[in-house]
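*Asks:* After the structure tokens below, expect a handful of questions from me.
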Amino acid sequence: MLHMRALSVRSWRSLVAGLALVGACSAGPEEKRVAVSQDTPAPVAPAAASITEGQVAGATISGLFAAPAAFVEGSHEGAPFAQGGAARPLAVIMMPLVRFGELDAAPGADAAVVIASNEGGSGERITLAIVGMRNGTATGVATASVGDRTKVRDVRVAGPDISIDVVEIGPGEPACCGTQLATKTYRLEGSTLSQKSSQLTGTLSLAATVAGHTWTTVAMDGAPVATGVTPPTLTLAEGRISGTSGCNQYRGPIAEPAPGTLRIGPTAGTRRACAGGAGDVEARFLKTLSATTRYTFLAGRLVLSGVDGDQMRSITFSR
């Protein structure tokens, strides 16, 4: 890492300066002048700037569409393909999955960025991009395809390698409902970002993707949990779910009739009175949870969804 190398240089120069000072204390006047003159440090080049999350959200990235995409707060909306038409290039950076590391030969940390894009059709193209600071501007260095309608569960950076856990469309599966689990690994070599491996890891299941973690609610029906309210949580183990519903504890059975589908309840829990808006959050959470029939992953987050009456409901969790 560049900053570690810079620290080592500074430490080495401090050591040299200290040895020169010790020598000067026992030297004569002429020797002392020589010791001081040799202690003049050479200028140190400033460390290269690393990119920040805010800069990633405003990057300009090529390789997604015919023209470079300029992002504003993590999203890009291009001009309509036809004058007066509704179809246009759209792209969104999955900000919860941005990861940082020394990914290319240029000094300073870069960002591994996963982007969902659409050009007016029914598909959703998923792309991995390396974004770095170039001449003071957040710029896409290289891109590589991850898949079409692929769900991203997690992104990890280890040295130059970027590993992406996905749920993808397997052989013979409909485009809507892929259930194949895989880990894809990418590496930037020169100016080319390429996939180095793709390892199948199983089939979508609650046991393989949800169990073993504590999931915390970040949104219900797309709206963030109210400020000042303890967000509900969910854990899964041995066919049962449990957690906090806001100000009470809950638990209940969960079943998975088919990959990506589920059935919850009935749930039971404590009955402590909830203060302020916590009661509303709790009631809404438990009602939506009982109506849940499907689960998927969106930008690394778990999304439970179902129909309550004539309304589509959802709960989004992070871990």
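Every number here is computed from the coordinates shown, using simple stated rules; none is lab data. Since this is a predicted model, take the numbers as computed values, not measurements. A quick note on method: Cβ atoms are made from the backbone with ideal geometry, for glycine too, and the neighbour counts reach across all protein chains shown.
*Asks:* Any idea what the alpha-carbon Rg over 2.2 N^0.38 Å comes to for the stretch 88-204?
*Replies:* This ratio for the stretch 88-204 stands at 1.08.
*Asks:* Over the stretch 208-318, what is the relative contact order in percent, taking alpha-carbon pairs closer than 8 angstrom and at least six residues apart?
*Replies:* 25
*Asks:* Which aspartates and glutamates have a Cα lying under 20 Å from the Cα of Lys196, excluding residues fewer than 8 positions away in the same chain?
*Replies:* The qualifying aspartates and glutamates are Glu102, Asp104, Asp110, Asp148, Asp154, Asp161, Asp165, Glu168.
*Asks:* Another question about this same structure. Taking the beta-carbon count within 10 Å as an exposure proxy, list Thr292, Thr216, Thr201, Thr52 from fewest neighbours to most.
*Replies:* Fewest to most other Cβ atoms nearby, the residues stand as Thr201, Thr52, Thr216, Thr292.
*Asks:* Something else: Just rank Phe71, Phe65, Phe81, fewest to most, by other beta-carbon atoms within 10 angstrom.
*Replies:* Phe81, Phe65, Phe71
*Asks:* Tell me, how many Å apart are the Cα centres for the stretch 60-137 and for the stretch 247-313?
*Replies:* 33
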